[in-house]
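Okay, structure first, notes after.
No value in this document is a laboratory result; all are computed from the given coordinates. Given the structure is predicted, the values throughout are model-derived calculations rather than measurements. Glycine gets a Cβ as well: all are built from the backbone with ideal geometry, and neighbour counts include every protein chain shown.
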Amino acid sequence: MTAKLVTGQERSPKVTVYIANHNYERFVQFSIESVLKQTFEDWELIIIDDGSKDGSHAVIRKFEDHPKVKVVFQQQQGLNVTNNIALRLARGEYFMRLDADDTLAPEALETMTSVMDRNPNVGLVFPDFYHVDADGEIIELVRRHNFDDVALLDQPAHGACTMIRRACLEHLGGYDESYSCQDGVDLWLRFIEHFEVRNINLPLFYYRRHGSNLTRNESRLLATRAQILAKRANLENKSSRVVAVVPVRGKKMDPRSLELEELCGKPLIFWTIDSAVSTDRVDQVVVTSPDRDVLDIVSAHYDPKTVQCILRDQSLADINTDLSYTVRDVLEQLQQNGATFEYCVTLLVESPFRNSLDIEMGIDVVAVFDTDCAVSVRPDLDNFYQHNGRGMQPIRRHAKLRLEREELYREAGQIYVAKTSFLLAENQIIGGRIGHFIVHEPAALRLTSELNWKIAEKLASLIS
């Protein structure tokens, strides 16, 4: 590791910006130059190259002699270790990471510093931003919520280009090095417990989309997010008990029922039961159906201590009867037998590819954000239209403006988590203060057509 030393005679800058680079030779110079061009001048820049194997070193060395720049070359340590190295080197009152493939607007530091100076109770500020392509051309402006009106803080700021009061970050112990990504989510959850956060409704950085972005590795991001949420939930709710309810009608009640149809040699209902049984946070799984044949098959396959079967009243299985009546009936029967649970997870069998991480994330979202319930979703970025009587109108009025308040989420994975106290009081699976959690893409596949069955058979053969 090499770095220029700072003498005791030098005055500490107001802002420390650091760039963590790994193999971004193509972009890192633009990132560095965007700091040098800031209208606000009281800053230092720390550039940490984290074991790059491309030509990044040559690009970065061009800035070694700049009086405000420190350069560090190190063996690859990973993002959060590098974040903490930057934190230890930082001298600024405010602290901000700029990713090596992103750039700042010229007024970014001036604007964010001004907000921090005027609001000493704020621990971090974050701006709106532009999505740009690999060549820097603007794709869209992303405008976050007006956080003066936000009551549910479940949509974190970016880990990068968020200005943090360094003393607050040090008070929280810096970055958690057990995570290799999603540092923004971890920081956000810790910050909102202790400090105010604020959004600046101005686009102050350019977030580059390209083929090697870490953000394209969705499985890794979602798995890490699940781990972060689990850690926060465990700190707050160590003793919470969870029941998973799997309601089905059965062919005797509904000839269209699919629960016993085989997918890759296994009854469809077993896929859902197995995902619930493998979820560490779930203490009891209950299958409920008016069809005794279904219950007999389940009972023969699973340990009754783990998977309990409860006969469902036929009136509760009517096609026009809300599912919440069935789930409530199960909870009441369990209570009568002395079994109480803080959370109830309802799982439907048409979505066989959900996994334990998906289910646990739903439970943890309700616990961490103190919502009444949460639903599994996928963000839907397609273009949508409404017919207004005169023709089709796009829901998004401006192709290059994406408003967070107008973003659409599609229910996916058929995971519904609710506090049992809310469900019993309101007789609703989804209602009240609703949280959300994003499931991995295979979980969104719902077996509602012959085509989807064929896709599922192929996917199941790959999983099995």
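Odds and ends about this structure:
- Take the Cα of residue 141, step 7 Å toward its Cβ, do the same at residue 392, and the gap between the two points is 2.7 nm.
- Full-extension gain in nm, residue 68 to residue 30, via 0.36 nm per residue minus C-alpha separation: 12.0 nm
- Packing rank of 292-299, 332-339, where each peptide gets the mean count of other beta carbons within 10 Å, highest leading: 292-299, 332-339
- Alpha-carbon centroid distance for the pair the stretch 289-328 / the stretch 250-278, whole angstrom: 12 Å
- Label-reachable residues, the stretch 328-364, where backbone N falls under 17 Å from a point 7 Å from residue 313's Cα toward its Cβ: 328-337
- Förster radius 30 Å - calculated FRET efficiency between residue 325 and residue 296 (Cβ-Cβ, nearest 0.05): 0.80
- Cα centroid separation, the stretch 126-174 to the stretch 54-118 (Å): 16 Å
- Taking trypsin sites (Lys or Arg not before Pro) across the stretch 349-398, the ones in a DSSP loop with at most 13 further Cβ atoms lying within 10 angstrom of their Cβ are 390, 397.
- For the peptides 356-367, 144-155, 125-136, residues were scored by their other Cβ atoms within 10 Å and the scores averaged per peptide; the highest-first order is 356-367, 125-136, 144-155.
- Across all C-alpha atoms in the stretch 15-216, the radius of gyration and Dmax reach 15.8, 47 Å.
- Greater than 22 Å apart at Cα, pairs in 37/70; 14/37; 37/62; 251/458: 251/458
- Amide proton proximity set for residue 207, modelled H, under 5 Å, gap of 5+: 130, 131, 132
- Residues 309, 161, sorted so that the one with the fewest Cβ neighbours within 10 Å comes first: 309, 161
- Residue-count net charge about residue 120 - beta-carbon cut-off 15 Å; Lys, Arg +1, Asp, Glu -1: +2
- The simple spin-label model puts a point 7 Å past each Cα toward its Cβ; for residue 306 and residue 262 those points are separated by 2.2 nm.
- Listed residues 21, 436, 403: farthest to the positive end of the dipole of the chain (Cβ charges): 21
- Each peptide in 346-352, 382-388, 219-225 receives the mean, over its residues, of other Cβ atoms within 10 Å, and ordering these scores from highest gives 346-352, 219-225, 382-388.
- Label-to-label distance, residue 201 versus residue 339, with points set 7 angstrom from Cα along the beta-carbon direction: 5.0 nm.
- Taking amide H as placed 1.01 Å from N in the peptide plane, the amide H of residue 263 sits under 5 Å from that of 268, each at least 5 places away or on another chain.
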